[in-house]
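A short worksheet on the structure shown next.
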Amino acid sequence: MDATSPTDPPAAIGSAAAPRGVRAEFRAVLLYALWAGLALGANALGIATLPASAGLILIAGIALTSALFVGLTRIPGDEQPTALTIIAAQLLMGLIWATLYAYFASGSPLLAAGMYTTAVGFGLHAIAEILHTEKSRLLASNAELQQELERVTRRAERDQLTNSYGRRAILDMLAREKARAERTSDPLCVCLLDIDHFKDMNDRYGHVTGDRILAAFARRVRGALRTMDSVNSNGLGSAMGRVGGEEFIVVLPLTSLRGALRSAERIRKAIVRRPFEGLHQVTVSIGIAELRPGETVSTLIDRADQALYGAKHAGRNRVHCATLDGGPNAIVMPDMSAAG
């Protein structure tokens, strides 16, 4: 039998456990040797008579069985029987030798019963330990898979170039914020940002430079957003996502239209403050819309897009907002006092 312990998992489970598994197999050999010694001792004391031929058969068989199971643990991992297979075989052989002893010996049913009991006990204990080890391994594997899934999910929801949320992720976030705002009757605004003349910069300086400008643009916007979040302290941070080539969306929870105007102006100033890459002057046009009661996400974004178009049409490097009543867009930048 294989007498395993919590600290000695069977060798068949993996190569890392092989040294401990070998020791477990030698303990099984010791168990078989103990049986043989008890049988011989009982025969010598006259407690249980065992014919000499039967004794030799049992001792030789036990020795060969022990050698077999120790040898199985030396087989390369890919060809080695599973731990449960080895344990089941050891349990079966232990029962066979105990049965043969009970058949050949006379006068000591208690000794035979003890052999049966130790065979079953050690077998069940070893199987329980294998199952415990496998359970621990599976739990650890599941934890690793969960961590990897979370890493993949985070990568999937991010735009790799700008490290902003991707289109789907930011729209899902906007939908959740809309539902929350409707439950709590809190304000919610969105800003659509579009880099002015970006296609011309791409054509003139190349896509590599264009990608660097996009990444630097996103960093500046995130810096402005972090400043606004620390100032507002509303408990819900703003978020930015890339929804097109050079178009981004900023979600501003718990922010009224007037607060969104101030935030958009801060973003515009952060972009225009100094040239990108030390060479390229970049400006941004921004359209803002505040969520109206019963409005869909699509309609909210459409109104922000109309405000963005108004900013572009008015000469770019401006902030426009869509009014709540659906009236004309208000030009609120560069003269913030025009917000009224």
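Each reported figure results from applying straightforward, stated rules to the coordinates on display, with no laboratory input. Just so it is clear, the model here is predicted, and its values are computed rather than measured. All Cβ positions, even for glycine, are placed from backbone atoms using ideal geometry, and neighbour counts span all protein chains on display.
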Query - residue 148 versus residue 186: modelled label distance in nm, points set 7 Å from Cα along the beta carbon direction - result: 3.8 nm
Report summary line: Full extension between residue 280 and residue 167 adds, at 0.36 nm per residue less the Cα distance, a length in nm of 38.0 nm
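Could you rank the peptides 58-67, 262-271, 140-149, 178-187 by their average count of other C-beta atoms within 10 Å per residue, with the highest value first? Working shown, then result.
On the way: 58-67: 16.2, 262-271: 20.8, 140-149: 10.0, 178-187: 13.5.
Result, highest mean first: 262-271, 58-67, 178-187, 140-149.
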Report task. Using per-residue counts of other Cβ atoms within 10 Å, averaged over each peptide, order 193-199, 99-105 from highest down. Result -> 193-199, 99-105
